[in-house]
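Below: the structure, in C-alpha cells.
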Amino acid sequence: ARLAVLACADFVKVVVVRDPLERLLSAYLDLCEPRADDGPARSGHREQHCEGFPLPRWRPSFDQLVDHLAALPPHERSDLNQHFLPQAYFCGLVAPRADAAASSDDLLFSHGTLPRFHHVVRLSAATFTADMLSVLASVGVAESTAHRFLQMRDGHDTGAAGRVQRYYTRESAAAARGVYSVDYSTFRLPEPAWLADLAGYTHGIR
C-alpha cells in the first residue's frame, strides 16, 4: 500500500538520503558499540539489530562490523536489516538483481521507483536546512512550522558526523565505500570531504 502512494500524482515525493559512511557509523554507535550501561530493554533492541553480531554474545569493533558487511556478496546486501540496508533499496528506489554474480555496480536501476520522486535531499549536506525549507515551502508549509519540524529530534542522535575520523581508517573507509557504492551511484552523492584527511585514502576507491 505504501508503494502505491508512489504512483499517485496527488503526493509530492521526497527522498532524504544520508551520507552512507556517516550513517553506517551512526548505526554502529547506536546498535553495536559495547556499552556498560545497557538496561534490559536497550540490550534487547541492540541484540536484535546489530547486523551479523547478535549481542551480548558478540561485541564487535567498528572494523569488525565493516569487515563483515564487506565480506557479504553484493546481492545479499539487499537483505540487511533496515539500519544497515543501503538506502537505495528502501521503497523500491532501486530493484536489486537476484543474480549472485552481479557486482555492486551492476545492481542498479532495473525497475526502481526513484524516477517517481520529485526531490532528493542530502541530509549530510551543509545546505540541508535550506533545501528542506524550499521543499516544504513549495507544498505550502509555513516557514515557522517548517523550522519547528526540522528541529525535532527522536533521541537517536549519536553524534556520528563529528566522530567519523576517530573510527574510520583508510582501509575501513574504502571497504565501507564499496559496500555502499550503490547509494553513492544512485543518488550521485559526493564523497565526504573528511576522507581526504585519512592517510593514504584514494578518491573513489572500491
- Item | Distance (nanometres) between label positions extended 7 Å along Cα→Cβ at ASP63 and VAL14 | 4.1 nm
- Collect residues whose amide H, placed 1.01 Å from N in the peptide plane, falls under 5 Å from the amide H of VAL16; neighbours closer than 5 in sequence don't count. VAL121
- So how do 129-136, 85-92 stack up, highest first, on mean other-Cβ count within 10 Å? 85-92, 129-136
- Task: Based on the mean of other Cβ atoms within 10 Å per residue, sort peptides 68-77, 18-27, 143-152 so the most packed one is first.
- Result: 18-27, 68-77, 143-152
- What is the gain in length, in nm to one decimal, between ALA125 and LEU6 on full extension, counting 0.36 nm per residue of separation less the C-alpha to C-alpha distance? 40.3 nm
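Could you order THR127, THR158, THR186 by accessible surface area, starting with the largest, using a probe radius of 1.4 Å?
THR127, THR158, THR186
The values are calculated or read from the model by the stated rules, or taken from the named source; none is laboratory data. Everything numeric here is computed off the predicted structure, so don't read it as measured data. Cβ atoms come from the backbone with ideal geometry, glycine included; neighbour counts cover every protein chain shown. What goes into the accessible areas is simple: the full protein's heavy atoms, side chains included, and nothing from ligands, DNA or RNA. Shrake-Rupley method; radii C 1.70, N 1.55, O 1.52, S 1.80 Å.
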